[in-house]
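To start, the structure under review is shown below, and the notes come after it.
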Amino acid sequence: MCEDLPRGPLCKAHRRELAKTIHGLRLGLVELKRVERREVHYSPGTGGGAHPAFAPAAIDISAADLYNQVEDTLQDVAGDIGLWAGKAPKLIERLQASMGRLADAPNSGRDYRQLANAYRRVKLRITPPEERIIHGHCLNPACRTDIPGVADDQMVTCPACGSTWSVSALRRARVEELQGQTITCTPKVAADWTQWQTGRKVTRNRVDMWLKRGKLPSAVKAGSRGQWTFDTGELVACA
């Protein structure tokens, strides 16, 4: 029934995404509990791995607050289809067993967005800072805040105004905004600039590959040795 943004009853594509989101929450909340108990911590510059945290016994308050907020969301969604289970693990188990009812419910579009936003927040919290990316600016003209996320996001919510956008729409807007603007530099500097703009890892070899494969059709060699003039929109689109 729905196209693009989810509305109830959900279409096949959003039903699949809903099932993936609930499964992701089941796994993500387990990791979030470990962060809450300070069994692991994530710090920049360590290769993105999880490491034992030799920290005081006190819990991570921000992780605990997020866990409770997600549990409240799960309770609200479950209540929409008459399920009552209390704690997050049991709620997720019952939601997974009632996917048909959840996807067909009148409020399934709203529930989808609430669960997707909850999953996004959990992923951000358990993803090392150096692995997070900037998807683009909020498309609300009164906001324009950078929206962070992780590589496999489909939908994201602006942390400032609460608007929800598809990642593909944010990327298109970012590319259109930069289209026609140029930078003149070496492929190495172009890689650094693209990584700074998008948060995605980009190397000089990748830029060289884009040039060889014709993915940067507007790029031309500049007068200085080893330098090119790049279209910034094309660089971001390739990242």
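The values are calculated or read from the model by the stated rules, or taken from the named source; none is laboratory data. Nothing here was measured: the structure is a model prediction, and the numbers come from that model. All Cβ positions, glycine included, derive from the backbone under ideal geometry; neighbour counts span all protein chains shown. The accessibility values were calculated without ligands, DNA or RNA, using every heavy atom of the protein model including side chains. Shrake-Rupley method; radii C 1.70, N 1.55, O 1.52, S 1.80 Å.
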*Exactly one condition in (1) under 17 Å from residue 141 (Cα atoms); (2) within 15 Å of the chain's Cα centre (by Cα) is not met by residue 168; state its number.*
(1)
_When you scan the range 114-128, do you find a residue that is closer than 24 Å to residue 88 by Cα, in contact with a Ser or Thr (Cβ under 7 Å, 6 or more places away or on another chain) and among the small types (Gly, Ala, Ser), even just one?_
yes
_Can you pull out every residue in the range 155-164 that is open to solvent by 40 Å² or more (accessible area, probe 1.4 Å) and either part of a loop (DSSP other than H, G, I, E, B) or out of contact with any strand residue (DSSP E or B) (no Cβ under 6 Å at 6 or more places or on another chain) (or both)?_
159, 160, 161, 162
*Looking at the range 142-154, which of its residues are in a loop (DSSP other than H, G, I, E, B), in contact with a strand residue (DSSP E or B) (Cβ under 8 Å, 6 or more places away or on another chain), surrounded by fewer than 16 Cβ atoms within 10 Å (Cβ to Cβ) and among the acidic types (Asp, Glu)?*
none
